[in-house]
Amino acid sequence: MQIKAIGKRRESAPRPAQTAAEQVYLIAEQPERSGLVESALRRASLKLRSYSSAEQFLYDVSSDNRGVVVTEANLPGISGVELHHRLIERGIDLPVIVLTDEGDIPTAVRALEAGALDCVEEPVHARALVHRIRDALSRYHS
């Protein structure tokens, strides 16, 4: 089901210089998936750090980090949902967007119940993901 926006289309204004809050942390195991998402984020001029595991990201992240986390739900080792739990336990307040497999409603529900900001079904539509990331950045770091 597609939702149509109603109203006037806004002209795009020039984007201000990037801030640390525009950092996107992408955690994705599969390089072909992460490559598509990475190129979409770069085209949208979003600052990107990629990780191949939740463990790797948890090693790097601190409560000083700002931005948004985009993670696959089904990672080996620590899942995307468990990653969000661990961020909360460590007092790290970053919005989390979870990428779920097509039709994986139980995982999406678990992620949202755990406090994820949003779930996006894969295969990812780049513009929709960029829109959700920008929304998360403005809501959490404005």
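Within the range 102-112, identify whether any single residue is hydroxyl-bearing (S, T, Y) and farther than 24 Å from S39 by Cβ, and answer yes or no.
yes
Scanning the range 99-122 for residues that are more than 17 Å from V69 (Cβ to Cβ) and touching a residue at least 24 places away in the same chain (Cβ under 8 Å), which turns out surrounded by the most Cβ atoms within 10 Å (Cβ to Cβ)?
Among them, the one singled out is D104.
Please specify each residue of the range 36-90 satisfying the condition of being hydroxyl-bearing (S, T, Y) and either within 23 Å of V124 (Cα to Cα) or in contact with a His (Cβ under 8 Å, 6 or more places away or on another chain) (or both).
Selection gives S39, S45, S50, Y51, S52, S53, T71, S79.
Which of the residues belonging to the range 53-87 are crowded, with 18+ Cβ neighbours inside 10 Å and charged (D, E, K, R)?
E72
So D118 ticks every box in (1) under 16 Å from L26 (Cα atoms); (2) of a type in the set (D, E); (3) over 12 Å from the mean Cα position of the chain (by Cα) but one. Which box is left unticked?
Only one criterion is unmet by D118, namely (3).
Of all residues in the range 124-133, how many are without any contact (Cβ under 8 Å) to a residue 60 or more places away in the chain and either under 17 Å from L75 (Cα atoms) or under 10 Å from the mean Cα position of the chain (by Cα) (or both)?
Qualifying residue count, the range 124-133: 1.
All of the numbers you see were taken from the coordinates with simple rules; none came from a lab. A quick note: this is a predicted structure, and the numbers were derived from the prediction, not measured. Here Cβ is always computed from backbone atoms with ideal geometry, including for glycine, and neighbour counts include all displayed protein chains.
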